[in-house]
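Written below as structure tokens is the structure these notes are about.
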Amino acid sequence: METRIRKVNYKNIDLKIIQEAGRILKSGGLVAFPTETVYGLGGDALNPASAEKIYAAKGRPSDNPLIVHIADKADVYRIAEQVPEQAERLMEAFWPGPLTLIFPKKPLVPDKTTGGLPTVAVRMPSDKIAAAFIRAAGGFVAAPSANASGRPSTTTAAHVAEDLSGRIEMILDGGQAVIGLESTIVDVSEERPVILRPGVITKAMMEAVIGPMETDQVLIAPDSDVKPKAPGMKYRHYAPKAELMIVEGETKDVIATMNRLTAEAELQGKRVGIIATDETARCYERGLVKSLGARNCEGEISMHLFEVLRSFDETDVDCIYSESFGGAVIGQAIMNRLLKAAGHRVIKV
Ligand code: TXA
Ligand code: MG
């Protein structure tokens, strides 16, 4: 199959292209599209055959449920059996935006879409191209992140093409995804809301709206045997081909340690990659150094994280050392992704 790539301009959305993409979904095909978080791989959420195609295109296990994307708030009531009051307040505060909520599902949503679960994850993206596309596709678009299973999520159309070209009908190219990390996921299907995946909508932001929330134990103690409530969180994720290791501590100690480890690895004939910041990049004497952006700008770090992880796969580095990024606001979300990419290998100095 040839994958068509269509550029769409935010300032002047070409409805002919959007309608073409909508028709592809209605006839059971797949279209990757931009959202404010990462690119999504979209199929018709109400068509079980489309869910199967998504799993096949990504190489993803089919017990891993898909998020249903909507463009109008009222549509949540068509697929969710109950929408508790706390959920309504979160929707009011953060939709459209990077927040996914999990509800008990209505029978209209096929089991294939939810990986056999009795619940459905729903998100209303703020991205304008995404909203236009969802409406053109009939209102309910199932979409995981548009990457091959296990690889970092995609933040540009070129990254999507790298992973999925030849496997899907179309890619809508809306440029770089501005947030760069996937949505926060909250389960509102039980008594007390539980955060299953951290994102740029933080616990503190949501607690200001609805009061105390829980965090899935897996996020607190990732090495334990506790089963994550979001099935996808159990899978190996984001990992670059080279072995990634995080170095954590005072900046000057981190730099000294990374320089020493790099020199040692090079003596063994290894090629080394380094993940740094604008402030520290020049302090590394050896290795292939890439910066995520300014350390005090968490938005820059999150926007470039997956791009930098991916870009190392095009090099011949054997191992990568990364600085640690526990910033004040979205640090938890950034570190959650980086720790997964590193298989939780951390050197504390
Ligand atoms: O920002 C995002 O959320 C992006 C964009 C495309 O919207 N989507 C995304 O989808 O990250 P995906 O499939 O890569 O991650 C969805 C996560 C998975 O870990 C999955 O297991 C979990 O959400 N999930 C989906 N439905 C669920 C449900 N009913 N109960 C628990 N977890 C669920
Ligand atoms: Mg994903």
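Taking the criterion of being among the aliphatic types (A, V, I, L, M), surrounded by fewer than 15 Cβ atoms within 10 Å (Cβ to Cβ) and either within 27 Å of T280 (Cα to Cα) or more than 16 Å from ligand 1 (Cβ to nearest atom) (or both), the residues of the range 206-248 that qualify are A208, V209, I220, A221.
Identify, please: which residue in the range 300-349 is part of a strand (DSSP E or B) and in contact with an Asp or Glu (Cβ under 6 Å, 6 or more places away or on another chain) and is, among those, surrounded by the fewest Cβ atoms within 10 Å (Cβ to Cβ)? Give the steps one after another, and end with the answer.
Applying the first criterion (part of a strand (DSSP E or B)) to the range 300-349 yields 319-323, 346-348.
Now restrict to residues that are in contact with an Asp or Glu (Cβ under 6 Å, 6 or more places away or on another chain): 319, 346, 348.
Numbers: C319: 19, V346: 15, K348: 11.
In this case the residue turns out to be K348.
Restricting attention to the range 238-263, the residues being charged (D, E, K, R) and touching a strand residue (DSSP E or B) at 6+ places or on another chain (Cβ under 9 Å) number 3. Residues of the range 172-210 that are without any contact (Cβ under 8 Å) to a residue 12 or more places away in the chain and within 21 Å of Q82 (Cβ to Cβ): E190, E191.
Residue-wise test of (1) β-branched (V, I, T); (2) touching a helix residue (DSSP H, G or I) at 6+ places or on another chain (Cβ under 8 Å); (3) outside the structural domain of Y10 (by TED's automatic domain parsing); (4) not in a loop (DSSP other than H, G, I, E, B).
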{"residue": "G97", "(1), (2), (3), (4)": "no, no, no, no"}
{"residue": "D111", "(1), (2), (3), (4)": "no, yes, no, no"}
{"residue": "G115", "(1), (2), (3), (4)": "no, yes, no, no"}
{"residue": "P125", "(1), (2), (3), (4)": "no, yes, no, no"}
{"residue": "F133", "(1), (2), (3), (4)": "no, yes, no, yes"}
{"residue": "R151", "(1), (2), (3), (4)": "no, yes, no, no"}
{"residue": "V160", "(1), (2), (3), (4)": "yes, no, no, yes"}
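From the list V76, V38, the one residue that fits, being crowded, with 18+ Cβ neighbours inside 10 Å and more than 15 Å from ligand 2 (Cβ to nearest atom), is V76. In the range 314-327, which residue that is at pLDDT below 95 and either touching a strand residue (DSSP E or B) at 6+ places or on another chain (Cβ under 9 Å) or not small (G, A, S) (or both) is nearest to V254 (Cα to Cα)? Going through the qualifying residues, I end up with F325.
The values are calculated or read from the model by the stated rules, or taken from the named source; none is laboratory data. None of these values were measured; they are calculated from a predicted model. Ideal geometry is used to build each Cβ from the backbone, glycine not excepted, and the neighbour counts take in all protein chains shown.
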